[in-house]
Amino acid sequence: MEIFGDEERKEVMDVLETKALFRYGYDHIRKGMWKTAEFEAEVCKQIGAKHAHAVSSGTAAVTSIMAAAGIGHGDKVIVPPYTFVAPIEAVCLAGALPIFAEIDETLCLSPEGIEASITPNTKAVLLIHMCGAAANLEGILAVCNKHNLVLLEDCGQAMGASYKGKSVGLHGAAGAFSFDYFKITTCGEGGMTITNDEQIYKNIDQVADHGHTHEGDNRGMEDHHVMGANFRMGEMNAAIGLAQMRKLPWILEQNKKNKKYIKDRLKEVKGLTFRKLGDEAGDSATYLNFFVSSKAVAEKLFDQFAKDDVEGVANWYTNMYHFINQWDHIRGMKYPAKLAIHDLEAPQDYNNLNLPKSEDVISRLISIGIQCTWTEDELVEYTDKIIGSIRKVL
Ligand SMILES: Cc1ncc(COP(=O)(O)O)c(C=O)c1O
């Protein structure tokens, strides 16, 4: 949302002028404009996916890829304790049972953490590429292959990131992206699914639209092989998403340049270490993540940032609702209706989880949000300010 302009306005006006707000049908009024299909094609082109299907949110995208890959009632799914809550909710609402495993300094599930959490009925790993960069995919794929686990990638925070030349989302059965307002590119609310597997793509296409097969030109009378829901993206959202997606290469370039500048300067400060990146070149550079020596130091530093009016920093252990210590409702599996997990045997006691490595990593983590629109002066001034605060504490 940093760079909204004439491009977004033009795409939206196209849709308003035709009045074709729905992604399917209405061929006679739409003057050849299919914004959602164009958005999907742009995603495929930029990230090298065979198939992309747009949906109404990142949450809908995760829900759709899970169903499409056959993950549902009673299946155990390995998830991380550090993420936005959406994928955990998607697992529970699908009737699957989450198993929280350890993350490491990549900020994502670790191969060892996954392997140590496998039970006889574990079916899938829902890997979440946190803060703009990929997990240790090589190690994780080896564990998934060894134990015959389906790998699903939630790339909600990692559009534009890749691992050893291949976009996130294409390393397992399917990937999910979010375009909500806080992402590297946005369409207000929206999501995208990607896969190289044609059957999974067809399943997503149907699950996201009440089972419609989208074959033929009579929407009411199409075949319906499976049930689905309404996870459709509308043409207005797609119009914005399309304009934003075209800006992604520029945003990535700026982010990388700005992040490198701050990181190089922070390297001069003793007492910090950085997030481990399996493929630094593939980082979308939305965040610069670093660790200090203890939870107490992280808290002190975060307070200092607040005193010095340093904006755009996160201490995930206490402030961003992304770590399991802040999820009382999820640990309690609270929902207005009965879920599978209330009837089936939970694989873990969620209120007494033992995840010391994740606790340690997240309690010492500080993240700086990178902006693509900083001028050189702003970048220098911001970095000076950060370093000034850090020096007061370390
Ligand atoms: C990793 C991750 N997955 C899924 C989502 C959900 O996306 P949405 O807000 O579009 O439903 C988010 C949103 O923050 C996210 O960070």
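Just so it is clear, none of the values below were taken in a lab; they were calculated from the coordinates. Because the structure is a prediction, the values reported are computed rather than measured. All Cβ positions, even for glycine, are placed from backbone atoms using ideal geometry, and neighbour counts span all protein chains on display.
Considering only the Cα atoms of region 215-335, their convex hull presents on average a projected area of 13.9 nm². Put simply, when 331-343, 352-364, 171-183, 118-130 are sorted by average Cβ atoms within 10 angstrom per residue, most first, you get 171-183, 118-130, 352-364, 331-343. Working note: Karplus 6.51/-1.76/1.60 with θ = phi - 60° gives region 212-217 the couplings 4, 7, 6, 10, x, 10 Hz, where Gly and Pro are set to x. The alpha-carbon of LYS10 sits under 19 angstrom from the alpha-carbons of these lysines, leaving out residues fewer than 8 places away in its chain: LYS19, LYS31, LYS35, LYS247. If you add up the charges near ASN121, with Lys and Arg at +1 and Asp and Glu at -1, over every other residue whose beta carbon is less than 9 angstrom from its beta carbon, what do you get? Summing Lys and Arg as +1 and Asp and Glu as -1 gives +1.
Working ranking of peptides 193-201, 255-263 by packing, defined as the average number of other Cβ atoms within 10 Å per residue, highest first, is 193-201, 255-263.
Where the alpha-carbon atoms of region 6-247 are placed on the principal axes, they occupy 57, 39, 27 Å, in descending order. Considering only LEU277, ALA173, VAL12, and ranking their Cα positions along the charge dipole of the chain that arises from unit charges at the beta-carbon of Lys, Arg, Asp and Glu, the one farthest toward the positive end is LEU277.
When a/c is below 1.5 the answer is rounded, else prolate if a/b is larger than b/c, else oblate, so apply that to region 31-173 with a ≥ b ≥ c taken from the square roots of the Cα gyration tensor eigenvalues.
Details: a/c = 1.98, a/b = 1.48, b/c = 1.34.
Here region 31-173 falls in the prolate category.
Under the shape rule built on the C-alpha gyration tensor, where the axes satisfy a ≥ b ≥ c, region 355-394 is oblate, since a/c reaches at least 1.5 while a/b does not exceed b/c.
Please state the shape class of region 250-393: rounded when a/c is under 1.5, otherwise prolate if a/b exceeds b/c and oblate if not, all from the C-alpha gyration tensor. Prolate, because a/c is 1.5 or more and a/b exceeds b/c.
Note on the chain: with charges restricted to the Cβ of Lys and Arg (+1) and Asp and Glu (-1), its dipole about the Cα centre is near 620 debye.
When both region 260-284 and region 302-325 are represented by their alpha-carbon centers, they are found 19 Å apart.
Given Cβ point charges of +1 (Lys, Arg) and -1 (Asp, Glu) and nothing else, what value in debye, to the nearest 20, does the dipole of region 103-250 about its Cα centre take? Intermediate results must be reported in sequence, preceding the final value.
Working: 10 positive and 18 negative charges, 66 e Å.
In total the dipole reaches around 320 debye.
Rounding to the nearest 20 debye, state how big the charge dipole of region 250-393 is about its Cα centre with +1 on each Lys and Arg Cβ and -1 on each Asp and Glu Cβ.
Dipole magnitude for region 250-393 comes out near 360 debye.
Relative to one another, the C-alpha centroids of region 129-207 and region 1-54 are positioned 21 Å apart.
Evaluate E = 1/(1 + (r/R0)^6) for TRP34 and LYS164, where r is the Cβ-Cβ distance and R0 equals 41 Å; express this FRET efficiency to the nearest 0.05.
On the way: r = 34 Å, r/R0 = 0.82.
Given R0 = 41 Å and the Cβ-Cβ separation, E is 0.75.
In this simple spin-label approximation, ASP197 and GLU268 carry label points 7 Å from Cα along the Cα→Cβ vector, and these lie 5.0 nm apart.
Just want the ordering: ASP154, ASP104, from fewest to most Cβ atoms lying within 10 Å of their own Cβ. Please list the in-between numbers first.
Details: ASP154 30, ASP104 19.
By the 10 Å Cβ count, ascending: ASP104, ASP154.
What's the ranking of 265-274, 305-314 by average number of surrounding C-beta atoms within 10 Å, highest first?
Details: 265-274: 12.5, 305-314: 14.4.
Final packing ranking: 305-314, 265-274.
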